[in-house]
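The values are calculated or read from the model by the stated rules, or taken from the named source; none is laboratory data. Note that the structure is predicted; figures quoted are calculated from it, not measured. FYI the Cβ positions are ideal-geometry reconstructions off the backbone, even for glycines, and counts take in every protein chain you see. Surface areas here come from the heavy atoms of the whole protein model, side chains and all, with no ligands, DNA or RNA. Shrake-Rupley method; radii C 1.70, N 1.55, O 1.52, S 1.80 Å.
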Amino acid sequence: MSAGTWRDKARRVRALMVKETRQVIRDPSSIAIGVVLPMILILLFGYGLSLDVKNVPVAVVVEDPGPAARELVAGFQLSPYFHAQITHAMQPAEKLMLERSVDAIVRIPADFERRVNSGSAEVQVLLHGGDANRARIIQGYVQGAIQAWNARQAAEGKTMTGAGGSVTVQQRLWFNDANESRYFLVPGLIVLVMTLIGALLTAMVMAREWERGTLESLFVTPVRSDEILLGKTLPYFLLGLIGLALCIVAAKYLFHVPLRGTLPVLLGASTLYVLVALGIGLLISSAVKNQMVASQLAMLATFMPALMLSGFLFDLRSMPAPIRLITYVLPARYYVTLLQTIFLAGNVWRVIVPNMLVLAGMAALLGLGSRAATRKRLD
Amino acid sequence: MKNTNGAVPAVLVTRDLHKRFQPPRLPAVQALDGVSFEAPRGMLTALVGPDGAGKTTLMRLAAGLLHADSGELTVLGVDVSADPQQIQDRISYMPQRFGLYEDLTVAENIDLYADLHGVSPEARAERYPRLMEMTALGPFKSRLAGKLSGGMKQKLGLACTLVRSPELLLLDEPTVGVDPLSRRELWEIVRQLVDTQGLTVLLSTAYLDEAERCGHVIVLHQGKVLAQGQPSDITDIARNRVFVAELPAGQNARVVQSRLLDEPDVIDAVPDAGRVRFVRAERPRATAAGAGAANALVGAQVSAATPRFEDGFMSLLRRVADQEHASTISLDRPLAARDDEVVVHVHDLVRKFGAFTAVDHISFDVHRGAIFGLLGPNGAGKTTTFRMLCGLLPATDGELRVAGADVRHARASARAHLGYVAQKFSLYGALTVAENLDFFASAYGLRGSRKGARIAWAMEQFELAAHAHEPSGQLPGGYKQRLAMAAALLHEPEILFLDEPTSGADPLARRAFWRRITALAEQGVTIIVTTHFMQEAEYCDRIAIMDAGRVLAEGRPEEIRHMADLSEAHEPSMEDAFIAIVERSRRNGQSREVAA
Amino acid sequence: MLEALLRIIALTRKELLAVLKDRRSRMSLLVPAIVQGLVFGYAATYDLNHVPYAVLDQDRSAASRQLLAGLDGSGVFERVADLRSPRDIQSYIDERRVLLVVQIKQDFERKLQQGQGTDVQVIADGRNSNTAATASSYVTAVVGAFNDNWRRDHGLSPQVLTSTDRAWYNPNLETRWNMIPGLIGTLAMIQTLMLTAMSVAREREQGTFDQLLVTPFRPFEIMAGKALPSMLVGITQAAGVFLVAQLWFRIPFAGSIVTLFSGLVMFLLAAIGIGLLLSAVAATMQQAMLFSLLFIMPFSLLSGLTTPVSNMPSVLQYFTAINPLRYAIDIARRVYLEGVGLPLLTHDLWPLALIAAVTLSAASWMFGNRIT
């Protein structure tokens, strides 16, 4: 028997792939992780998560009925950023805030008109700190409204301080002019989906083979360990690419996130990441050989870090040094950088090349590692 | 493949093989301790021995899946440790639990292995029909392997290993948990291949009748070879020491047999077709307390009998394992003496799963203190019946009274009277022996000094005290079974349900088990048991044979044997009777279907 | 009654023994919760403290230097480059060398001195627009301070209208302050739900469930005996994360511990109810794990932990009504930061009670009827 020729190798790998594909199709749990979970994530990220702050409910406490105050109030009422509720005393406004019916209180004090006329007036702003990020954004909006009032007053020559310049900030957000949080959440979603399919699903199915003893029977055949690995990885690699396609279509046509780089580069980066994830999944499963433990490890080692430590939600530069160090060994970090750049900035080679090289290095290392771990031995 | 001097070399040769395992936080296990033997070409070689003898380790070493610590192992003339892949290219191996892909169909599983072995389409066209015919799996080609019965799964596993003719076939306990019918079919497949194609097979087994049918036998015990040779060599060990006692009327073979086991000059005794078959010791054992076999056999007619393989095997084991003679058991307070009270009453019991009728109008009664055996092939409805008796499954229709209570309506109160030992070890593996007993005692509502007394009783009766603080999942097989029995007896149930308690157990453990069961029945506990070992039906007062959800025959063992109505001259064994009854019923069923 | 109680205690004891016996499983109950509390406490923050930026100062005046000194002295901005030409901006941003570029035009100082308004350009990398917007708002604050100083130094009156801002419950508006109390509920839920969902499935898979069912246990008792240990584990984990918040991050606790833990008990009861229901449905441990994953993921994403519930489309907001974590996070934050008492939490507590009641009774019914 000529077990060593390439044609025999190809035939065995094909047989294993056919087997694996049939199992994926028939096993509800593979479908759940490979298809249902990605869909749920796509919908949640596309529609459910948003950091955009609009229509903030604020209470405006008007204690002074004068024209200057009325103009300020009008500014809040007309702004698309606010949904203003007018009260005339502090107490009801505070009650609204305690109930979380409003996120901020703007208090226009009783002597407002008089003070404006004397050249220096003040409004009091109370923010609900229950969600600090949101509170800070609201603070910025309120500042904006006050600046606008100042500018208008100066332009109309109503105040005497028109003279004397001041600096205003003109901000431009490159790659995301409309400041849509969806633009960075959707690429982040792709990382999570690829991680689920690549690492979690692979860890589970490989551990299942150890657990059910199917590998013991498989080992005593002409099949080589690298063929077992190939037969295992190729179908899930393809499944990962299907998931990727699903995400790209959703990103482009459902959520209208632009793809400014080119598709081949995106596919290349994703291929590398899926390979890395597969390698992690295979290593975990051959280390623990138990479905339960393997899946929990895969969640802890790949999914949670991809969510929290990859930089897609929280800025890596602001994390303390030890935690930043951890992020350097996480493949998700490099993939997030790649995805955000390819989707929103375009083919920026100075970003793409080094990040892809790191992923390629990780893939090679993990490939060798899982080959060494998958020996045809039981001890 | 002949070597230079022209002699046929052995296919598998081991020389002083050692293998040791080191489980975490437990003492090391010497699985193989200097094993040397040869398996000849073109015949069946059997590895027999009790649990933990090292059979599976040896199989895995031969398949190149493990590395020996020291010693030589050559398979097909190749040093296994040097080139395991070459061995794996040339042999086929069926592990104890063959790794079938349960979500692939029968045909897909076979195709996978054919592809891996590189079987050409022409060879498949020739081979597949024969495999299908041998295994009778033809009609189930497109059924998922996970949906097959235990026996069919084993046959499919065998078919997968036989997609091409291997130079050596390794079978690791291929018939464990398989009913007698399927077992016989599996054997026929293997025998046919050996006889017609000169296939070389090495198989391990706990069934001694299987070993007897092999060309060469190796007896392993605690990692050492006790004996090897032709089966007749082993059988001869017991020559002139085997006797059969015809009992006077009124004596129960089971009781006499268990008494005989205590005698110093007896090394083995089993009930056999209403008589007692026993083996005398080469020299009396010092440990036993009795006064000699003659004492236990007053009034019986003793005559010499031809030894069987089992007799030789037991003699062999007794030489090295003299100590453990099946221990008996005594209850704190024996239940009321055996009388004619019916404690389990089953009438017209039906259980349907959708359109499928798993149990089809069955009826039987079990009297207090009796041992009732429920026999039948895999999928006959035994387990379903069992689960209904224990209140684990509601009946679809019919009457079911256990210890006087209607199980359908009073499950909770009926449960306090029964004990249940599942087929698989089903206590908490992470908890120690003591913790398990403590939990089940509380679960049955025992507390205070009563609880302490019962746990102490269980520890003593089942000799568990030495292992009290070990996690029960890591106990040796025999101890697990004892612990399960102990837990089921803590609340002194009137009825004990045992689901295939001896499946996979070795002959020594089975003797010990039945010794305890016999003692319990003597003390008034009613026992209902299912088993695949037909010789064990001899221990029962009554047995019922089930197939396809119906009771085919019910009665005392000797009545069942006569019901089989075998024309052969010799006394039919229980296994022959069982197979005859089931096959007759299946033939009738088919002809009824044809007529309709 | 007493019998039932004793049986429940026996089962609880057994469950706890099985979980706590092994050092590894003991560790796996507390260590991941605390480590995640620590790591995510540091990582999960929208606040920025290292913003690399570049300057294109085309004015090179005293005024521009003063403005830039304000940025450099803020402790947040780190200047990595001084650009010579506007052409350089693109590569610095594209290659992610800076998060933003501050551009000061040539007539910056002149305009200011002439009393005209002028502006600085801030060009930010919007690949993570949230980070970019936060960084820009920091620039705005620095520029505001510059304005005030400039006017004061040049004898100008300050702006007519200013505001005094005060944030309730979180004076410095640190995201960590509301992230970590949110983690108390989230981390406790993840393991509690999984543990519960798998506990019955494990018994089923290992055959011990049958052994339980042939004893006098009633379905309700089995359920109670499973819920109690999970509750203890959940409370312990919650306490662990709470201690991390208190002792490590030193976030001041405004409420009462009794109120916080009463709320958490109610929440865990709802989570355990869901776990028990899943375990009643699941046939194998693998299924139980998958089911719990399918629940945990949307639960934690739609809980308000990372993004506010009020930002979600109304359809999803309705879905969050059945998400116990949403209420738990609200309770934890409000008790922790605002110090509210139970009366103000009723609108969180009654949905939790309802979820617990529905899932627990459904699970109990399933145990009783799905004995096959």
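Between region C:308-326 and region C:267-300, the C-alpha centres lie 19 angstrom from each other.
State whether region C:296-363 is rounded, prolate or oblate according to the following rule on the C-alpha gyration tensor (a ≥ b ≥ c being the square roots of its eigenvalues): a/c under 1.5 gives rounded; otherwise a/b larger than b/c gives prolate, and the remaining case gives oblate. Please report the intermediate quantities before stating the final value.
On the way: a/c = 1.88, a/b = 1.04, b/c = 1.80.
It is oblate, given that a/c is not under 1.5 and a/b is not larger than b/c.
Chains C and A together bury roughly 8900 Å² of accessible area, counting both sides, with a 1.4 Å probe on protein heavy atoms only. Annotation for A:TRP6 and C:ILE322: the two label points, set 7 Å from Cα along the Cα-Cβ direction, are 5.6 nm apart.
P(r) tail for chain A: Cα pairs beyond 38 Å make up 40% of the total.
How crowded by other chains is C:111-122, given as the mean number of beta carbons from other chains within 10 Å of each beta carbon? Mean number of neighbouring Cβ atoms from other chains: 4.
Taking all Cα pairs closer than 8 Å and separated by 6 or more residues, the relative contact order of region B:412-511 comes to 46 percent.
Quick check for you: with a 1.4 Å probe and neighbouring chains kept, what is the accessible area per residue of the protein assembly as shown, in Å²? Working shown, then result.
Values: 51750 Å² over 1347 residues.
Spelled out: the 1.4 Å probe surface of the protein assembly as shown, per residue, equals 38 Å².
For chain C, the alpha carbon convex hull comes to 181 Å³ per residue, rounded to a whole number.
With no solvent and one equal point scatterer per Cα, compute the Debye intensity ratio I(q)/I(0) for region B:462-511 at 0.14, 0.18 Å⁻¹ and report its log10, rounded to two decimals. Log-scaled intensity ratios, in q order: -0.39, -0.64. Once backbone amide H atoms are built at 1.01 Å from N, C:LEU56 has C:LEU83, C:VAL102, C:GLN103, C:ILE104 as its partners under 5 Å, excluding neighbours fewer than 5 places away on the same chain. Indicate the gyration tensor shape class of region B:237-320 (rounded, prolate or oblate), computed on the Cα atoms with a ≥ b ≥ c the square roots of the eigenvalues: a/c under 1.5 is rounded; otherwise a/b larger than b/c is prolate and the rest oblate. The shape class here is oblate. Inter-chain neighbour count for B:514-527: the average number of beta-carbon atoms from partner chains within 10 Å of each residue's beta-carbon is 0.
Close amide H pairs (under 5 Å, H built 1.01 Å from N) link B:SER36 with B:ASP16, B:LEU17, B:VAL225, residues at least 5 positions away or on another chain.
When the Cα positions of B:GLN85, B:LEU475, B:THR14 are compared along the charge dipole of chain B, B:LEU475 comes out farthest toward the positive end, with charges on each C-beta of Lys, Arg, Asp and Glu.
With a/c under 1.5 counting as rounded, go ahead and sort region B:425-475 into rounded, prolate or oblate using the C-alpha gyration tensor (a ≥ b ≥ c being the square roots of the eigenvalues; past the cut-off, prolate if a/b is larger than b/c, else oblate). Note, shape of region B:425-475 comes out oblate. Calculated [222 nm] ellipticity per residue, helices only, for the protein assembly as shown: -15500 deg cm²/dmol; basis is -39500 (n - 2.57) per DSSP H run with n ≥ 4, divided by all residues, nearest 500. Taking a straight line from the alpha carbon of A:LYS252, these aspartates and glutamates sit under 18 Å away, with near neighbours fewer than eight places off in the same chain left out: A:ASP177, A:GLU180.
Just to make sure I understand: if all protein chains stay in place, what is the order of A:THR271, C:THR186 by accessible area at 1.4 Å, largest first?
A:THR271, C:THR186
Run the numbers on chain C and let me know its relative contact order in percent, using alpha-carbon pairs under 8 Å that are six or more apart.
Taking the mean separation of contacting Cα pairs over the length of chain C, I get 19 percent.
Across region A:99-111, rounded Karplus estimates of 3J(HN,Hα) from the backbone phi angles (6.51 cos²θ - 1.76 cosθ + 1.60, θ = phi - 60°) give 7, 6, 6, 10, 9, 7, 10, 10, 10, 9, x, 4, 9 Hz, Gly and Pro being marked x.
Any chance you could check the Cα centroid distance between region B:232-262 and region A:262-284 for me, in angstrom? Going from one Cα centre to the other spans 70 Å. Residues whose amide H comes within less than 5 Å of that of A:VAL61, counting only those at least five positions distant or on another chain, are A:THR87, A:VAL106, A:ARG107, A:ILE108 (H built at 1.01 Å from N in the peptide plane).
Taking all protein chains together and a probe of 1.4 Å, list B:LYS451, C:LYS226 from the most accessible to the least accessible.
Values: B:LYS451 40, C:LYS226 5 Å².
Largest to smallest exposure gives the sequence B:LYS451, C:LYS226.
Within a 10 angstrom radius of each residue's Cβ in B:54-64, how many Cβ atoms of other chains show up on average? Whole number is fine.
Values: counts 0, 0, 0, 2, 0, 1, 6, 1, 1, 6, 5.
Rounded to a whole number, the mean comes out at 2.
Springs join every pair of Cα atoms under 10 Å in this Gaussian network model of chain A, and among A:VAL56, A:VAL169, A:VAL288 the largest mean-square fluctuation is at A:VAL169. Computed 3J(HN,Hα) for region A:74-79, one whole-Hz value per residue from the Karplus formula 6.51 cos²θ - 1.76 cosθ + 1.60 where θ = phi - 60°, is 4, x, 5, 5, 8, 5, glycine and proline marked x. Here the scattering of the protein assembly as shown is modelled by Debye summation over its C-alpha atoms, one equal scatterer each and no solvent; at q = 0.05, 0.08 Å⁻¹ the log10 of I(q)/I(0) is -0.50, -1.03.
Across region B:12-230, the mean sequence separation of Cα contacts (distance under 8 Å, 6 or more residues apart), normalised by length, yields a relative contact order of 32 percent.
Applied to region C:324-333, the Karplus parametrisation 6.51 cos²θ - 1.76 cosθ + 1.60 on θ = phi - 60° returns per-residue 3J(HN,Hα) values of x, 5, 4, 5, 5, 5, 4, 4, 4, 5 Hz, with x for Gly and Pro. Separation of the alpha carbons by more than 23 angstrom is noted, of A:LYS9/B:LYS147; B:LYS352/C:LYS226; C:LYS21/C:LYS226; A:LYS9/B:LYS55, for A:LYS9/B:LYS147; B:LYS352/C:LYS226; A:LYS9/B:LYS55. Solvent-accessible surface (1.4 Å probe) assigned to B:GLU185 amounts to roughly 60 Å².
Between region B:178-202 and region B:345-419, what's the alpha-carbon centroid distance in Å? A separation of 36 Å, based on Cα centres.
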